[in-house]
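Please read the structure below before turning to the comments.
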Amino acid sequence: MKSKPTLWFVAGLLGVAALASAQESDRSSLWTLPVLRGETVNVSYSAGSLDRAVRVQRTFERLSARVSGWTDRKTPLAIYVLSREEWERVGLGLPYGFPARFPMQILALAAWGDEGTVELWSDLMQGQPPPAGQPEMVRGGPEEAASLRVGDLLGQLEGARILLENAGLGAAELWSGEVLAHTVLLSAWLKDGAAEADRMGRVAATLRPPGAAPLSLADYRPGVAMEEWLAFQAAFHEGARVLTGKAGPKAGRALVKLTRKSGGTLPTSRLFERFPELAAWHRSTFRLAPAGP
């Protein structure tokens, strides 16, 4: 029986944020990878994955442009597209196919889908991931492409977190900071077309089916099992859909504006005052922690 992977939060970073455990010498080979330079997004890529790097850069440049327009702060984003061998050599703390962070807010993504990524996401989603849609320049067939795309959706979410952090924006509570990132990403997707938003909706419905039992925010902590972490992400995505259901693609801008007016840290009271629908969602989605003695 395989052991269940766990996800570690490191140094206060939110979401899929795993520092490389290897020594600097083990990572030195990555600094010599070819680099695809863009306006705000630079992508270092494994040999043979240039087409994949171009697609990744195009996606994150669009996201960066949206977020920068809302925050009035253009910040660079560095991404590494790595082969499985490179991923394992540098000792990233998450399985290949999941996005991960290096120090200095560098995002790492898988270069290709393979049998391992198909198995990973089939296990976590208890079934086949939704089709990739637009053809990916990847090794393998549709199953490998589908598994790669799920990791990319979470990678874009991590990119949104990084861009918000670089702009000095966050929230007073962990859950609301996550909803902020999900809303910014969902709004960006809706601005560019609904394909990615629809795909993430299908993923979220698989990870946390409609009518699922309320979650305890006290369980959202370091060392949480990966399946549980994903269920929370599905819930936070539901919260973002509540906001976009109210404000449409403008929800991301509205939330960023509210956060900036609050000095960079979004208070829960102001969030609920501006979006009372979110307060109702919060009550139905999370159960209160037990009272102390």
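The values are calculated or read from the model by the stated rules, or taken from the named source; none is laboratory data. Nothing here was measured: the structure is a model prediction, and the numbers come from that model. So basically every Cβ, Gly included, is an ideal-geometry build from the backbone, and we count neighbours across all protein chains shown. The accessibility values were calculated without ligands, DNA or RNA, using every heavy atom of the protein model including side chains. Shrake-Rupley method; radii C 1.70, N 1.55, O 1.52, S 1.80 Å.
List of remarks:
- The charge dipole of the chain, taken about its Cα centre with unit charges on the Cβ of Lys, Arg, Asp and Glu (plus for the first two, minus for the last two), comes to roughly 1180 debye.
- Summarising the label geometry, the points placed 7 Å from Cα in the beta-carbon direction at Trp31 and Glu88 lie 2.6 nm from one another.
- Normalised size of segment 183-242, defined as Cα radius of gyration per 2.2 N^0.38 Å with N residues, equals 1.18.
- Grouping the Cα pair distances of segment 82-217 into 5 Å bins from zero gives a pair-distance distribution of 2, 10, 17, 20, 21, 17, 10, 3, 0 percent in increasing distance order.
- Calculated FRET efficiency for the pair Thr265/Arg62, C-beta based, R₀ 30 Å, to 0.05: 0.65
- Probe 1.4 Å - accessible area at Glu115, Å² to nearest ten: 150
- For the residues Ala240, Ala146, Ala213, a GNM of the chain with alpha-carbon springs under 10 Å puts the largest fluctuation on Ala213.
- One Cα centroid belongs to segment 66-108, the other to segment 219-285; the line between them spans 23 Å.
- Cα shape, segment 244-293, gyration tensor, a/c 1.5 rule: oblate
- Cα gyration tensor shape of segment 145-226, rounded if a/c is under 1.5, else prolate or oblate by comparing a/b with b/c: oblate
- GNM result for the chain, Cα springs below 10 Å: residue of Gly211, Gly69, Gly245 fluctuating most strongly: Gly211
- Nearby aspartates and glutamates by direct alpha-carbon distance to Lys257 (threshold 14 angstrom, same-chain neighbours under 8 apart not counted): Asp72
- Rounded to the nearest 500, the 222 nm mean residue ellipticity of the chain from helices alone is -16500 deg cm²/dmol, with -39,500 (n - 2.57) taken per DSSP H run of at least 4 residues.
- Of the DSSP H helices in the chain, those with a Cα length along their own long axis of 20 Å or more and a mean Kyte-Doolittle hydropathy reaching -1.0 comprise 50-71, 142-166, 174-192, 226-247.
- Exposure ranking of Thr32, Thr117, Thr265 by accessible area [1.4 Å probe, largest first]: Thr32, Thr265, Thr117
- Among Arg62, Arg161, the order of accessible area from largest down is Arg62, Arg161, computed with a 1.4 Å probe on protein heavy atoms.
- Computed log₁₀ I(q)/I(0) - Debye formula, equal Cα scatterers, no solvent, segment 152-293, q 0.12, 0.13, 0.17 Å⁻¹: -0.45, -0.53, -0.95
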